[in-house]
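For reference, the structure is listed below as structure tokens.
The values are calculated or read from the model by the stated rules, or taken from the named source; none is laboratory data. These numbers were taken from a predicted model, which means no experiment stands behind them. Neighbour counts run over all protein chains shown; Cβ positions are idealised from the backbone, glycine included. The area values use the complete protein model at the heavy-atom level, side chains included, leaving out ligands, DNA and RNA. Shrake-Rupley method; radii C 1.70, N 1.55, O 1.52, S 1.80 Å.
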Amino acid sequence: MTRSVVWVKDEGAELAEVEFEGRSLTAAGWAVGGGPLPYRLEYELATADGYVTARLLVRAEGLDPETGPWRRSLELANGPDEVWTVRARATGHLAMPPPGGDASALKGALDCDLGLSPLTNTMPVLRAGLLEGGGPVEHLMAWVSVPELTVTPSPQTYTFVRREGDRSVVNYASEGFTADIVFDADGMVVDYPGIGRTVTAPGNGRTTGT
């Protein structure tokens with residue numbers, strides 16, 4: 001099954017093309033944002049069985065009105081025993097922390113969490129079966145801030161709240177922030193308060209693989 005989804009955000013938009021196969025997925029996405037400064041971002045994501053992140057590649061670029069163009073890239077790879085590797089590059093000047101981070105601090109994490117992207121909430125919810133019930137389930141995430149592309153460990157908790165027809169509401173909580181996220185039957189985010197909501201009508205952009 002392949003899905004194409006667009007989310008609108010308070011300060012931008014995102015398009016993701018996602019292919020599901022068994023209990024894994026691959027995705028490519030593009031986003032634009034306006035804060036804390038205008039940027040363009042693209043990513044590639046692949047998971048292993050159980051929707052465990054295998055690789056995330058992110059590129060971001062923009063134009064600082066004072067220092068000119070800048071570009072950053074980040075590659076995360078999740079190896080055996082959840083031992084991560086982190087590779088980062090940067091050109092130009094951006095008054096933010098450098099990209100990358102301490103890979104050892106991510107040991108044990110199963111998922112990446114790309115900042116401001118509704119897509120990466122799909123993996124832990126599907127893996128834990130939270131569309132039907134259950135929780136709370138605690139996760140350690142490799143959280144990537146946007147647009148600076150720094151990566152840090154992030155403890156997060158997901159809990160099933162209720163069903164609304166063919167939609168599921170799952171509560172997300174992390175470091176004082178909480179939100180009830182609405183997912184469709186495939187586990188794709190429909191509405192993430194404060195982050196984004198889909199503008200793809202039900203059934204649009206969905207194809208069934210053979």
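Quick notes on this structure:
- Ala28 vs. criteria surrounded by fewer than 19 Cβ atoms within 10 Å (Cβ to Cβ), within 21 Å of Val125 (Cβ to Cβ) and under 17 Å from the mean Cα position of the chain (by Cα): yes
- Residue match in segment 172-185 (condition: more than 23 Å from Glu21 (Cα to Cα), more than 16 Å from the chain's Cα centre (by Cα) and not in a strand (DSSP E or B)): yes
- Of all residues in segment 57-95, those being in contact with a Gly (Cβ under 7 Å, 6 or more places away or on another chain) and open to solvent by 100 Å² or more (accessible area, probe 1.4 Å) number 1.
- Those residues of segment 121-134 which are in contact (Cβ under 8 Å) with a residue 24 or more places away in the chain and either open to solvent by 10 Å² or more (accessible area, probe 1.4 Å) or at positive phi (or both), in sequence order: Leu126, Arg127, Ala128, Leu131, Glu132, Gly133, Gly134
- Members of segment 135-157 found to be open to solvent by 30 Å² or more (accessible area, probe 1.4 Å) and either part of a strand (DSSP E or B) or modelled with pLDDT of 95 or more (or both), listed by number: Pro136, Val137, Glu138, Leu140, Trp143, Glu148, Thr152, Pro153, Pro155, Thr157
- From Leu94, Leu37, residue being more than 27 Å from Val125 (Cβ to Cβ), in contact (Cβ under 8 Å) with a residue 24 or more places away in the chain, in contact with a Lys or Arg (Cβ under 8 Å, 6 or more places away or on another chain) and in a loop (DSSP other than H, G, I, E, B): Leu94
- Per the conditions (1) touching a helix residue (DSSP H, G or I) at 6+ places or on another chain (Cβ under 8 Å); (2) part of a strand (DSSP E or B); (3) farther than 19 Å from Thr150 by Cα; (4) small (Gly, Ala, Ser), the sole criterion not satisfied by Ser4 is (1).
- Checking Asp111, Asp102 one by one, the residue that is under 13 Å from the mean Cα position of the chain (by Cα), of a type in the set (D, E, K, R) and modelled with pLDDT of 95 or more is Asp111 and no other.
- Single match in Phe177, Phe160, Phe183 (criterion: of a type in the set (Phe, Trp, Tyr) and surrounded by fewer than 17 Cβ atoms within 10 Å (Cβ to Cβ)): Phe177
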